[in-house]
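**Student:** First the structure, then my questions, so here it is.
The values are calculated or read from the model by the stated rules, or taken from the named source; none is laboratory data. Computed from a predicted structure; not experimentally measured. Using ideal geometry, Cβ is built from the backbone for each residue, glycine included, and neighbour counts are taken over all protein chains shown. To get the accessible areas, we keep the full protein, side chains included, count just its heavy atoms, and leave off ligands, DNA and RNA. Shrake-Rupley method; radii C 1.70, N 1.55, O 1.52, S 1.80 Å.
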Amino acid sequence: MRVALISVGRLKAGPERELFERYFARARSVARSVGVADLDAREIDESRARRPEDRRDEEAQAILKALTPRDALIALDERGVSPSSPEWAADIGRARDAGVGTYAIAIGGPDGLSPAVRARANKVISFGAMTWPHQLVRVMAGEQLYRAFTILSGHPYHRV
């Protein structure tokens, strides 16, 4: 199985990018040991459409185009459920064991995700009820992927 983090917008040089790259590199170093053949981050350009709904729709087309019917899509959205770290790790493990091609995690841009992405998603999850800047959500997703892989591998990074 592959894991892909699909994010709308470019993460500019700076502390958010450095922190994301640190956690993503850690996640990559553990991925193969838990049956994840590849871990990649894809950036999708933010739409330049005038209306927010048009921007979300254009960005949704790019996100959905990156998927195959065999892929699982996890949408990160404030309206989703908030799983614990072990619950998310278990979900990744179940997807791996079920032969999912790619476990894709979508992060919207400043206008969020379109209803089309949420409708296609196998799960809609949230990092809490608060609204987070999409740059920080990317950092948090990188850290949670690292945490999930360490949970699956039995590494002591995650402490209860």
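**Student:** Kindly evaluate Arg159 against the criterion of being basic (Lys, Arg), in a strand (DSSP E or B) and at pLDDT below 95. Walk me through it before giving the result.
**Tutor:** Details: basic (Lys, Arg): yes; in a strand (DSSP E or B): no; at pLDDT below 95: yes.
Judged against the criteria, Arg159 is not a match.
One line per residue, one yes/no per condition, for (1) on the phi < 0 side of the Ramachandran plot; (2) aliphatic (A, V, I, L, M); (3) touching a residue at least 24 places away in the same chain (Cβ under 8 Å):
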site: Leu5; (1), (2), (3): yes, yes, yes
site: Pro15; (1), (2), (3): yes, no, no
site: Ala25; (1), (2), (3): yes, yes, no
site: Val34; (1), (2), (3): yes, yes, yes
site: Asp38; (1), (2), (3): yes, no, yes
site: Asp54; (1), (2), (3): yes, no, no
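**Student:** May I pose another question? Is at least one residue of segment 92-105 assigned to a strand (DSSP E or B), open to solvent by 70 Å² or more (accessible area, probe 1.4 Å) and of a type outside the set (A, V, I, L, M, F, W, C)? First the steps, then the outcome.
**Tutor:** Let us first name the residues in segment 92-105 that are assigned to a strand (DSSP E or B), namely 102-105.
In the following step, the residues that additionally are open to solvent by 70 Å² or more (accessible area, probe 1.4 Å) were identified as none.
Scanning segment 92-105 turns up no residue that is assigned to a strand (DSSP E or B), open to solvent by 70 Å² or more (accessible area, probe 1.4 Å) and of a type outside the set (A, V, I, L, M, F, W, C).
**Student:** Which members of segment 106-130 meet the condition of being aliphatic (A, V, I, L, M) and in contact with a Ser or Thr (Cβ under 9 Å, 6 or more places away or on another chain)?
**Tutor:** We begin by selecting, within segment 106-130, every residue aliphatic (A, V, I, L, M); these are 106-107, 113, 116-117, 119, 121, 124-125, 129-130.
The answer is Ala106, Ile107, Ile125, Ala129.
**Student:** Filter segment 1-25 down to the residues that are open to solvent by less than 70 Å² (accessible area, probe 1.4 Å) and of a type in the set (Gly, Ala, Ser), then identify the one that is farthest from Glu58 (Cα to Cα).
**Tutor:** In this case the residue turns out to be Ala25.
**Student:** Is one or more of the residues making up segment 141-155 surrounded by 14 or more Cβ atoms within 10 Å (Cβ to Cβ), within 14 Å of the chain's Cα centre (by Cα) and not in a helix (DSSP H, G or I)?
**Tutor:** Here is the first cut: in segment 141-155, the residues surrounded by 14 or more Cβ atoms within 10 Å (Cβ to Cβ) are 141-153, 155.
Now drop any that are not within 14 Å of the chain's Cα centre (by Cα), which leaves 141-149.
Among the residues that remain, those that are also not in a helix (DSSP H, G or I) are: none.
No, every residue in segment 141-155 fails to be surrounded by 14 or more Cβ atoms within 10 Å (Cβ to Cβ), within 14 Å of the chain's Cα centre (by Cα) and not in a helix (DSSP H, G or I).
**Student:** Given the criteria at pLDDT 95 or above, among the small types (Gly, Ala, Ser), closer than 23 Å to Arg22 by Cα and surrounded by fewer than 16 Cβ atoms within 10 Å (Cβ to Cβ), does Ser126 qualify?
**Tutor:** On the way: at pLDDT 95 or above: yes; among the small types (Gly, Ala, Ser): yes; closer than 23 Å to Arg22 by Cα: yes; surrounded by fewer than 16 Cβ atoms within 10 Å (Cβ to Cβ): no.
Against the criterion (at pLDDT 95 or above, among the small types (Gly, Ala, Ser), closer than 23 Å to Arg22 by Cα and surrounded by fewer than 16 Cβ atoms within 10 Å (Cβ to Cβ)), Ser126 does not qualify.
**Student:** Suppose we filter segment 26-39 for residues that are surrounded by 13 or more Cβ atoms within 10 Å (Cβ to Cβ) and outside any helix (DSSP H, G or I); how many remain? Full working, then the answer.
**Tutor:** Our first condition is that a residue be surrounded by 13 or more Cβ atoms within 10 Å (Cβ to Cβ); within segment 26-39, this holds for 26-28, 30-31, 33-36, 39.
Filter again for outside any helix (DSSP H, G or I), leaving 35-36, 39.
Qualifying residue count for the region: 3.
**Student:** Could you please let me know if Ala49 is out of contact with any strand residue (DSSP E or B) (no Cβ under 9 Å at 6 or more places or on another chain), open to solvent by less than 90 Å² (accessible area, probe 1.4 Å) and either assigned to a strand (DSSP E or B) or without any contact (Cβ under 8 Å) to a residue 12 or more places away in the chain (or both)?
**Tutor:** Working: out of contact with any strand residue (DSSP E or B) (no Cβ under 9 Å at 6 or more places or on another chain): yes; open to solvent by less than 90 Å² (accessible area, probe 1.4 Å): yes; either assigned to a strand (DSSP E or B) or without any contact (Cβ under 8 Å) to a residue 12 or more places away in the chain (or both): yes.
So Ala49 passes the test.
**Student:** Name the residues in segment 64-91 that are charged (D, E, K, R) and in a helix (DSSP H, G or I), would you? Before you say what the answer is, go through the steps one by one.
**Tutor:** We begin by selecting, within segment 64-91, every residue charged (D, E, K, R); these are 65, 70-71, 77-79, 87, 91.
Of everything in segment 64-91, those that are charged (D, E, K, R) and in a helix (DSSP H, G or I) turn out to be Lys65, Glu87, Asp91.
**Student:** Out of Arg10, Arg70, which single residue is farther than 18 Å from Arg138 by Cα and modelled with pLDDT under 95?
**Tutor:** On the way: Arg10 fails: farther than 18 Å from Arg138 by Cα.
Selected residue: Arg70, the only one of Arg10, Arg70 that is farther than 18 Å from Arg138 by Cα and modelled with pLDDT under 95.
**Student:** Same structure again: Can you name every residue in segment 57-86 that is open to solvent by 20 Å² or more (accessible area, probe 1.4 Å), under 24 Å from Gln144 (Cβ atoms) and of a type in the set (D, E, K, R)?
**Tutor:** Arg70, Glu78, Arg79
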